[in-house]
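J.: Structure in structure tokens, see below.
What follows is calculated from the coordinates using simple rules that are stated; it is not laboratory data. The structure displayed is predicted, hence computed values, not measured ones. Virtual Cβ from ideal backbone geometry, glycine too; neighbours counted across all protein chains shown.
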């Protein structure tokens, strides 16, 4: 009986979750960040080596507008927003050797009509990183996940330790234009000691008074009871996917993006409705 219950639990998502996939245009083959703009549009970015462009998308993943940012895309990996600003995380750091990490902030009012916008910049370094790169067992300083939550930016690092230990460092940051800040670890997020493909954090989004994290394997709901951080699996992908960004649009609808991968196919835009 217990085996049957377990089997039913695994099968249920096929019936209660609705997923629609769209192929993204070639301009977004290396999509790395996604954020809500309006109820019917999103903003996306590509990662390092690409042009410093914000792409405004409809909910089918089609580009309806491009906005150039007066900044450099060393390795843009995440977007976040508050009431007045859009933030870009230029903190991709695969080899854990960068010394030029930064955040950009753009006034939302400038994004409404302008095709070229200026960005304020805040440079930063991680207090815990003293070697560039550190030893393989200390490689906690790549990042692809950021969200705005409770008045500040939350950055979750992407673990690339060997052996893989499943730990992500959380940094909470107040943006300060033209500053060069040293930021200190707020907490450690401990996922499973499985592998980079299952338990390295690739994106984050705010859902009310919760945060949802993504890996290449699943979505994780993070809540904040009085006794501390609590995490539980929210949704498992049907197979390993290179999910680089997630955003919540309300009414239990999430939008995920996969960049182009020679094994997984072209860049995709996924609409996911949870019960």
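J.: Show me the ranking of peptides 94-102, 175-183 by mean Cβ neighbours inside 10 Å, starting with the highest.
T.: Ranking the peptides 94-102, 175-183 by packing returns 94-102, 175-183.
J.: Quick one: plug the Kirkwood hydrodynamic radius of region 192-262 (C-alpha pairs) into Stokes-Einstein at 20 °C, 1.002 mPa s, and report D in µm²/s.
T.: 168
J.: For residue 127 and residue 39, calculate 0.36 nm times their separation in residues minus their Cα-Cα distance, and state this gained length in nm to one decimal.
T.: In short, 27.9 nm is gained.
J.: Right, here's the next one. Over the residues of region 119-275, compute the C-alpha Rg and express it relative to 2.2 N^0.38 Å.
T.: Taking the Cα Rg and dividing by 2.2 N^0.38 Å, one obtains 1.06.
J.: A further question follows. Can you tell me the Rg and the Dmax, both Å, for the Cα atoms in region 10-162?
T.: Using the Cα atoms of region 10-162, the pair Rg, Dmax is 16.9, 49 Å.
J.: Would you kindly calculate the mean projected area, averaged across all directions, of the convex hull enclosing the Cα atoms of region 148-235, in square nanometres?
T.: In nm², the orientation-averaged hull projection of region 148-235 is 6.5.
J.: From the helices alone, meaning DSSP H stretches of at least four residues, give me the mean residue ellipticity at 222 nm for the chain, per-run term -39500 (n - 2.57), in deg cm²/dmol to the nearest 500.
T.: Helix-only estimate at 222 nm: -1500 deg cm²/dmol.
J.: Something else: Considering only C-alpha atoms, what is the centroid distance from region 49-92 to region 111-125, in Å?
T.: Cα centroid to Cα centroid, the span is 10 Å.
J.: Hey, could you pull the Cα Rg and Dmax for region 80-160, both in Å?
T.: 14.5, 47
J.: Just grab the label-to-label distance for residue 178 and residue 114, each label 7 Å out from Cα along the Cβ direction, in nm (one decimal).
T.: About 1.7 nm separates the two model spin labels.
J.: Starting from the coordinates of the alpha-carbon atoms of the chain, obtain the Kirkwood hydrodynamic radius over all distinct pairs and give the value in Å to one decimal.
T.: 19.0
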